[in-house]
Amino acid sequence: MKPIKAIALSTVLLGLAAPAIQAEEDTEYAPLYQGFLGNLQLDDQSASWDELDGENAEIEFPSSILGGGLEAEYAWGGSSTWRWGFNPGGSVSWKSSDTRVSGTIGGENGAVIRFDLDNGLFLGEMHLGAYVRGGLARKLSAYAGAGPMLMYGKLELEDEEVVAPTGTVVITGSEASDWDVGYYARAGLDYRYAKGKYLGLGVRYMSAELDFSDTVGPVDIEGPQFVVTFSTKL
């Protein structure tokens, strides 16, 4: 083959391959969208009522609250093996049950009180932070992210009472809601089972303080959430 024909053929092949190469690069840097579902494990908290003379009651919350949400990863930089960028997202958690919750007044040696709360708790949050993601093996990657979070919470109570050493205290309010700025963190592992599609396991952590002043008072919404994830590049 004459040199000029070889050059012409190479030029044509490169021209045909260029869109594929660009598409592959675009896929590598394309946004990653992740859906997740899991249980939020709230840490033990404290609350205060005027009827308890302003003394804090240490509360053991229900063991888990079902929740789920969406995350997005927009790459800003990195290399062929790792990426970093922006991580917007949001989630909701909810629980509705007739739950008996125990607690104490005055620390470990204090008197035991009982809460009978027919309750419904809704939590919603939006966040925007930074993330980093890197490859651990051919089909396995790890990620971590953190940043500020805006949380909304709503608490509904029915048949509320607190049995304290001095007698039964009735919570007069039946509904309360609040907003607060807190923070979130997330980390996990993803397995790529098809091009641009991943299944994984992760853990998220959220922290904010909501003041349900008409019902149980200020409550720290804080604890880990263990999740199953599905991620895809569109």
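Values computed for the structure shown
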quantity	calculated
Filter result for VAL203 (surrounded by 15 or more Cβ atoms within 10 Å (Cβ to Cβ) and at pLDDT 95 or above)	no
Pair list, Cβ under 7 Å, 6 or more apart: the range 167-184 residue under 14 Å from LEU121 (Cβ atoms) and assigned to a strand (DSSP E or B), other residue modelled with pLDDT under 90 and acidic (Asp, Glu)	GLU175/GLU156; GLU175/ASP214; ALA176/ASP214; ASP178/ASP211
Test: residue in the range 75-84 that is among the hydrophobic types (A, V, I, L, M, F, W, C), open to solvent by less than 40 Å² (accessible area, probe 1.4 Å) and either modelled with pLDDT of 55 or more or outside any strand (DSSP E or B) (or both)	yes
Condition broken by SER177, with the remaining ones in (1) modelled with pLDDT of 95 or more; (2) surrounded by 15 or more Cβ atoms within 10 Å (Cβ to Cβ); (3) of a type outside the set (A, V, I, L, M, F, W, C) satisfied	(1)
Selection from the range 132-164 of residues that are open to solvent by 60 Å² or more (accessible area, probe 1.4 Å) and modelled with pLDDT under 55	ASP159
MET126 vs. criteria surrounded by 15 or more Cβ atoms within 10 Å (Cβ to Cβ), under 25 Å from ASP190 (Cβ atoms), at pLDDT 95 or above and touching an Asp or Glu at 6+ places or on another chain (Cβ under 7 Å)	no
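The values are calculated or read from the model by the stated rules, or taken from the named source; none is laboratory data. Being a predicted model, the structure only gives us computed values, none of them experimental. Note that each Cβ is placed from the backbone with ideal geometry, even for glycine, and that neighbours are counted across all protein chains shown. Heavy atoms of the whole protein, side chains included, go into the accessibility calculation; ligands, DNA and RNA do not. Shrake-Rupley method; radii C 1.70, N 1.55, O 1.52, S 1.80 Å.
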